[in-house]
Amino acid sequence: MESSSLEQRLNDFSRPTRDSSLKQLAKLKGSAVCPADGSHKAVNSHCHTFFSYNGYGMSPSAIAWWAAKESLFAAAIVDFDVLDGVEEFLAASELLGLRSGAGMETRVFIPELADQEINSPGEPGVAYHEGVGFVSASVPSTLKDFAARLRSGAAERTRAIVGRVNAYLAPVSVDFDKDVLPLTPGGNATERHVCAAYDNKARQVFADQAALEAFWAAKLAVPADKAAKLVADPVELRNTIRSKTMKSGGLGYVKPDPKSFPTLKEMNDFSLGCGAIPTLAWLNGESAGENAVDALFDLHASFGMAAVNIIPDRNHNFSDPKVREKKIAEMNRFIAAAHKRDLPILAGTEMNAPGQRLLDDFASAALKPHLAAFIDGAALQHAHTLLAPAGMGYVSDWAKAAFKTLKKRNQFFVAVGKKATWSLKAKLAGKQTPEAVLNLLG
């Protein structure tokens, strides 16, 4: 079977199909097709897979294969509310010799900032937040209820959105179980899956093109010519459906109940309990909550935050010079604040919407000065991923005892992450001294 056909099969909803295809593709490792040597000094440490939503329909295996083909220094996945892709991605990365890591993103409620917008527009007190460096989809028995709560809470919120939007978009109504869930491989439906379902359903209800355009013109409150362009461009149509009906200010939007989200402390406790790294997610520094960056860091640190994440493209890639200058200034201020506290910085493009970059423009004037820090962050997460199963993860008691300062801890993990291959896992016989680990690397 040709490599192009095998690559397509990497996105099949069947895990056996994906595994079989990857094993065949892995035979090309080291060839011109898949260098997989990490020589491309670029990273993407924030890739959503199709277990939450990927704008290109990519599975964990497909992302690992893409990163290996690009010979990226490292790549990592982050999915909303579930750990479904963790083991597949790490196994694929090991097979391909790719430095990697895996995380989870969710929304949390921060009582201390209940009256301030943070990084979820229009939702005071609510923040997108991460845990990175998970090494298994299995969680300790004491945390299983929390993991189930994350999954069920996300499903309940999305199902409720369908109920509200159905009333507005009638006769284009979707059945959550029949029309939305089949668009996902693991039943973790997001707003973007719902938008796709409405797009699909409308095309079924209105076979006539003019009627379809008229329907969307009325429901989305746009001129007829704009509706025609949207219908011809499903990506923009679905984005517009989402913004007009599901986001803050939208016709189907209802302000979420803080009780429907875990608190920041609960999410960090979950991450730490799984041996993962609590990670602050950054938007752009323009909200009241993010603008006071030192106060925000202090608050997060009090609950165990040990790393930060940034999506660089939305912090510099703007055509308006004034907007771009402001965004870059905020990004630089945030990164400087993270450096001051010796916080690892993870960077990526998300990939959770069509049109988003697969890889940041690290040659740009805005990002080139920060590339080394982004590579260090990716190396650190990779080292954590290799060492955590032996009880030597970045936030483990072992790490805290072995290194007197964060700077020294970071230096060790970055050094290991840059040099270690996946074979290190097999060489570890329980906890060892940092010197012994470095000796294993040769």
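The values are calculated or read from the model by the stated rules, or taken from the named source; none is laboratory data. Not measured: the values here are computed from a predicted model. Cβ placement follows ideal geometry from the backbone for every residue including glycine, while neighbour counts extend to all protein chains displayed.
Summary of computed values
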{"read-out": "Residue among T184, T190 that is hydroxyl-bearing (S, T, Y) and touching a strand residue (DSSP E or B) at 6+ places or on another chain (Cβ under 9 Å)", "value": "T190"}
{"read-out": "Contacts under 9 angstrom Cβ, first residue in the stretch 355-378 being in the same structural domain as S71 (by TED's automatic domain parsing) and over 30 Å from R409 (Cβ atoms), partner of a type in the set (S, T, N, Q) and in a helix (DSSP H, G or I), 6 or more apart", "value": "G355/N239"}
{"read-out": "Which listed residue is in contact (Cβ under 8 Å) with a residue 24 or more places away in the chain, under 21 Å from the mean Cα position of the chain (by Cα) and in a helix (DSSP H, G or I), from V235, V308", "value": "V235"}
{"read-out": "Residue satisfying condition, being surrounded by 15 or more Cβ atoms within 10 Å (Cβ to Cβ) and of a type in the set (D, E), within set D233, D145, D177, D199", "value": "D199"}
{"read-out": "Verdict on P369 being at pLDDT 95 or above and buried (at least 19 other Cβ atoms within 10 Å of the Cβ)", "value": "no"}
{"read-out": "Selected residue (only one of D294, D313, D298 is in the same structural domain as Q381 (by TED's automatic domain parsing), more than 24 Å from N410 (Cβ to Cβ) and either not polar (S, T, N, Q) or not in a helix (DSSP H, G or I) (or both))", "value": "D313"}
{"read-out": "Filter result for the condition that a residue is at pLDDT 95 or above and within 21 Å of V254 (Cβ to Cβ), over A137, A127, A148", "value": "A127"}
{"read-out": "Output for the stretch 10-55, where each listed residue is of a type in the set (S, T, N, Q), assigned to a loop (DSSP other than H, G, I, E, B) and within 21 Å of the chain's Cα centre (by Cα)", "value": "N11, T49, S52, N54"}
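Matching residues to (1) among the aliphatic types (A, V, I, L, M); (2) touching a residue at least 60 places away in the same chain (Cβ under 8 Å); (3) surrounded by fewer than 22 Cβ atoms within 10 Å (Cβ to Cβ); (4) more than 29 Å from P140 (Cβ to Cβ):
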position: K265; (1), (2), (3), (4): no, no, yes, no
position: D269; (1), (2), (3), (4): no, no, yes, no
position: P278; (1), (2), (3), (4): no, yes, no, no
position: A288; (1), (2), (3), (4): yes, yes, yes, yes
position: D294; (1), (2), (3), (4): no, no, yes, yes
position: L299; (1), (2), (3), (4): yes, yes, yes, no
